[in-house]
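Undergrad: Sending over a structure as structure tokens; questions will come in a sec.
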Amino acid sequence: MYQLRQVRIEVLPDGADKIRILHISDLHLTPHKRREINWLKSLADERPDFVISTGDHLAHPDAVGVAIDALAPLLKISGAFVFGSNDYFGPRLKNPLRYFFKESQKRIHGPELASNALASALVTRGWFDLNDSSADINLGDISIGLRGTDDAHLNRDHYSNIAGPKTKDLLIGVTHAPYARVLDAMAKDGADLILAGHTHGGQVRLPWPGGSKALVTNCDLPTWRARGLTRIDDEPWLHVSAGMGTNPFTPFRVACSPEASLLTLVSR
């Protein structure tokens, strides 16, 4: 069952009106995912002020048109996106036990996907491409800097190309895979909030005191940060979406519902 997670984050200047951001991630769309497509379309009814997608839109060579159709209602709202590995390469059958061992730099890629066509379609419809890029927007009276990276899981991230101190009321970092090197670089620049995906919330979670516990994150992020809103000391808030889809070869979740998140930003 798909769920819309409601999250309140105190990051705006005193007296600012609230801002509502819809965070979607890891759609892993194929032509046959009708339930997911219909639910994704329905999210436009929430009328967010802005939409941010943190990657892995595709899971099939013919899914670019599917993704644009599924996102069509949301593309009428201002938004931005970054890409994950599954926007560049299709899924392949892999041994799921590999996620429990030290990450290898050797990647097992599936067929190359039409990532350029997807990016062009999203930009043509008005969304900002934040893959190693930045954008400045205004929502109400708040000036917002957006800084994103390409997929760190494929070592395509080059945050240094856009690094620099915060110059807006709010600085939001956007990345697919929340590797420490990306989070640290954004924190150094004074980011207030970072949005990411990739982890699927662990995808398989075990019952645990106070909720459930992820077993893996598929990156160097600690498992306790695999899903939802977390913060360490005075570092930026980090919101990791558990995402909506899965690799077609492992189409299951345990104690980890597919989700999107409506982030309500309010004054500190």
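Laboratory data are not the source of any read-out in this text; all were calculated from the coordinates shown. The model shown is predicted, which means the values in this text are computed figures rather than measured ones. Cβ sites come from the backbone with ideal geometry, for glycine too, and all protein chains shown count toward neighbours.
Undergrad: Would you please calculate the Kirkwood hydrodynamic radius of region 102-178 over all C-alpha pairs and express it in Å, rounded to one decimal? Before the final figure, lay out each step's value.
TA: Details: mean 1/r = 0.0697 Å⁻¹.
Roughly 14.3 Å, rounded to one decimal.
Undergrad: When Rg is the radius of gyration of the Cα atoms in region 177-268 and Rh is its Kirkwood radius, what does Rg/Rh come to?
TA: Numbers: Rg = 13.6 Å, Rh = 13.9 Å.
Here the Rg-to-Rh quotient is 0.98.
Undergrad: May I pose another question? Work out the FRET efficiency for residue 109 and residue 235 from their Cβ-Cβ distance, taking R0 = 35 Å, and round it to the nearest 0.05.
TA: FRET efficiency, residue 109 to residue 235: 0.60.
Undergrad: Here's another thing I want to ask about it. Which of 57, 30, 204 sits farthest toward the positive end of the charge dipole of the chain, with +1 on the Cβ of Lys and Arg and -1 on the Cβ of Asp and Glu?
TA: Going by the Cα projections, it comes out as 204.
Undergrad: Can you work out the PRE-style zone for residue 249? Point 7 Å along Cα to Cβ, and I want the residues of region 58-94 with backbone N under 15 Å.
TA: Those under the cut-off are 59-61, 86, 89-94.
Undergrad: Express in nm, to one decimal, how much length is gained between residue 14 and residue 35 on full extension, taking 0.36 nm for each residue of separation and deducting their alpha carbon distance.
TA: Numbers: separation 21, 0.36 × 21 = 7.56 nm, distance 4.08 nm.
Going from the current span to full extension adds 3.5 nm.
Undergrad: Could you run the Karplus curve 6.51 cos²θ - 1.76 cosθ + 1.60 with θ = phi - 60° over region 248-263 and give me ³J(HN,Hα) per residue in whole Hz, x for Gly and Pro?
TA: x, 7, 10, x, 8, 9, 10, 6, 8, 5, x, 8, 10, 10, 9, 8
Undergrad: So between residue 213 and residue 158, what do we pick up on full extension, going 0.36 nm a residue minus the alpha carbon distance? Working shown, then result.
TA: Numbers: separation 55, 0.36 × 55 = 19.80 nm, distance 3.13 nm.
Result for the pair: 16.7 nm of gain on full extension.
Undergrad: Computed from the mean reciprocal separation of all distinct C-alpha pairs, what Kirkwood hydrodynamic radius does the chain have, in Å?
TA: On the way: mean 1/r = 0.0544 Å⁻¹.
Kirkwood hydrodynamic radius for the chain: 18.4 Å.
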